[in-house]
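Asker: Before I ask anything, here is the structure I am working with.
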Amino acid sequence: MENNFTDITDEELDREVQQTLNLTPYSGETYVRGSLKGRGTHVQRFRIRESLKRIDGVGRAVTRGGGYSL
């Protein structure tokens with residue numbers, strides 16, 4: 001079976017994801033994944049989720065949870 005994923009380090013992936021977020025700050029996993037694919041970078045969904053957590057863990061958690069209260 002052939003590996004169809006791009007050989008990319010976590011640091012390189014984080015930079016790619018950050019570039020997408022710089023252009024579209026409220027992008028979620030699906031948008032980021034499409035953006036990466038459009039640039040020829042094919043990675044597993046869990047790696048995109050992990051990258052989003054590293055870059056903006058709190059903001060993504062708040063968005064997924066539908067908000068927060070103090």
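Asker: If one puts a single equal scatterer on every Cα of segment 1-42 and applies the Debye formula without solvent, what log₁₀ I(q)/I(0) results at q = 0.20, 0.25, 0.32, 0.33 Å⁻¹?
Answerer: Taking Cα atoms of segment 1-42 as identical point scatterers yields -0.60, -0.87, -1.21, -1.24.
Asker: Hey, another quick one. Using heavy-atom solvent-accessible surface (probe 1.4 Å) with all chains present, what is the largest-first order of ILE8, ILE48?
Answerer: If we order ILE8, ILE48 from most to least accessible, we get ILE8, ILE48.
The values are calculated or read from the model by the stated rules, or taken from the named source; none is laboratory data. This one's a predicted model, so the numbers in the text were calculated from it and none came from an experiment. Side chains included, ligands, DNA and RNA excluded: accessible areas come from the protein's heavy atoms. Shrake-Rupley method; radii C 1.70, N 1.55, O 1.52, S 1.80 Å.
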